[in-house]
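Reviewing the structure listed below.
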Amino acid sequence: MGHHHGHHHGHHHHGDASSKRIGLAFWLNFFFTIIEFIGGVLTNSTAIIADAVHDLGDSLSLGLSWILHKLGAKQATTGFTYGYKRFSLLGALINAIVLLAGSTWVLFEAIPRLTDPVMPDTEGMIYLAILGVVVNGFAAFKLAAGETLNERVLNWHLLEDVLGWVAVLIGAIVMTFVDWPIIDPLLSIAFTAFIVINVVRNLIETLKLFSQANPNPQLYKEVQDAIRAVEQVADIHHMHLWSLDGESHVLTAHVELKDDFNDSEHYFAVKEAINQAVAEFDIFHTTIELEFKSEACRLD
């Protein structure tokens, strides 16, 4: 059995800084989401309520990322032998369900208003929108310093929020001068459609990973070719590639050798060549079983 573990060593202080940034962005977003829901009700604006649902989703993403950031640093246990990376998929699933429920509610509120639009309190909307641009802009600025993939993704979320608030601000200014109350439900439907498209896409991806689908067919083929290219390798079968969280992949494979050899030196050389071939792909965990030419595969 050949084992190769690709462990990524993060610097401890770097992880702490990252965790602090995500934590700060979470609290900012969370408190602001509460202000938004209240503000949306007080200004009678479905656009602000739709944006509040979007922000609630981001708060959940940030909160889960923050918790998982801490969990991810923990070592694997006998209960969770691969560690805790899989939890982020669970988080993504919960987040998707909450956002879909929120979006449905916003559409129920907004669609009837298309036929009978109500003029919202535009002055209140303008103040809230300015606050929204500032709070989300500040959180995005803080996360922009981060280097982890998680922070980059969350930063995009926050930049989307800033753009959403700019749209609310423009809409509110237009409604202040022109009697077009329909702008409000139109904005909320546009935001909601945007959320739903993203959520559905992420949900499909998440469910595929839960089903242990091959996360990267291209990578699968490349690894297979790399192992086959090793001189002593005859063929490869029972090769499985799946992912813990979309980033940390797990690979297992049976590799048939062209010969039987008695000396361990020869055996180790082949094993080392295979490990080297696989190492360049930076796979989180690989397990490779070598089979001699005269040996039958125990799984067949």
query: Among (1) among the β-branched types (Val, Ile, Thr); (2) in contact with a helix residue (DSSP H, G or I) (Cβ under 7 Å, 6 or more places away or on another chain); (3) surrounded by fewer than 16 Cβ atoms within 10 Å (Cβ to Cβ), which single condition is residue 252 missing?
result: (2)
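Within segment 208-221, take every residue that is assigned to a helix (DSSP H, G or I) and without any contact (Cβ under 8 Å) to a residue 24 or more places away in the chain and give me the one that is farthest from residue 47 (Cα to Cα). Write out each step before concluding.
Step one: of segment 208-221, the residues assigned to a helix (DSSP H, G or I) are 208-210, 217-221.
Remaining after also requiring without any contact (Cβ under 8 Å) to a residue 24 or more places away in the chain: 208, 217-218, 220-221.
Details: 208: 33, 217: 41, 218: 42, 220: 44, 221: 47 Å.
Here the answer is 221.
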field: Close pairs from segment 16-37: first under 14 Å from residue 138 (Cα atoms) and in contact (Cβ under 8 Å) with a residue 40 or more places away in the chain, partner among the small types (Gly, Ala, Ser) and open to solvent by 40 Å² or more (accessible area, probe 1.4 Å), Cβ under 7 Å, at least 6 apart
entry: 21/145
query: Among (1) open to solvent by 30 Å² or more (accessible area, probe 1.4 Å); (2) more than 23 Å from residue 211 (Cβ to Cβ); (3) out of contact with any Pro (no Cβ under 7 Å at 6 or more places or on another chain); (4) part of a helix (DSSP H, G or I), where does residue 113 come up short?
result: (3)
message: Just to check your reading of the model, which residue among 230, 196 is among the hydrophobic types (A, V, I, L, M, F, W, C), under 22 Å from residue 299 (Cβ atoms) and open to solvent by less than 70 Å² (accessible area, probe 1.4 Å)?
response: 230
statement: Residue hits (segment 203-213; surrounded by fewer than 16 Cβ atoms within 10 Å (Cβ to Cβ) and in contact with a helix residue (DSSP H, G or I) (Cβ under 7 Å, 6 or more places away or on another chain)) are 210
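Quick one: how many residues across segment 1-54 are assigned to a loop (DSSP other than H, G, I, E, B) and either charged (D, E, K, R) or modelled with pLDDT of 75 or more (or both)? Write out each step before concluding.
Narrowing segment 1-54 to residues assigned to a loop (DSSP other than H, G, I, E, B): 1, 6-11, 43-45.
Subset that is either charged (D, E, K, R) or modelled with pLDDT of 75 or more (or both): 43-45.
The qualifying residues number 3.
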message: Taking the criterion of being out of contact with any Gly (no Cβ under 8 Å at 6 or more places or on another chain) and among the basic types (Lys, Arg), would at least one residue in segment 151-174 satisfy it?
response: no
query: Taking the condition of a type outside the set (A, V, I, L, M) and touching a Leu at 6+ places or on another chain (Cβ under 8 Å), does residue 268 pass?
result: no
query: Of the residues that make up segment 190-209, is at least one modelled with pLDDT of 90 or more, under 30 Å from residue 90 (Cβ atoms) and hydroxyl-bearing (Ser, Thr, Tyr)?
result: no
query: Checking residue 166 against (1) more than 18 Å from residue 32 (Cα to Cα); (2) of a type outside the set (S, T, N, Q); (3) open to solvent by 40 Å² or more (accessible area, probe 1.4 Å), which single condition isn't satisfied?
result: (1)
Segment 261-298: number of residues that are open to solvent by 40 Å² or more (accessible area, probe 1.4 Å) and among the hydroxyl-bearing types (Ser, Thr, Tyr): 3
field: The listed residue being touching a residue at least 60 places away in the same chain (Cβ under 8 Å) and of a type in the set (Val, Ile, Thr), out of 189, 197, 173, 130
entry: 189
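The values are calculated or read from the model by the stated rules, or taken from the named source; none is laboratory data. Predicted, not measured: the structure shown is a model, and the values here were computed from it. Don't worry about glycine lacking a Cβ; one is built from the backbone with ideal geometry, like all the others, and counts go over all protein chains shown. Side chains included, ligands, DNA and RNA excluded: accessible areas come from the protein's heavy atoms. Shrake-Rupley method; radii C 1.70, N 1.55, O 1.52, S 1.80 Å.
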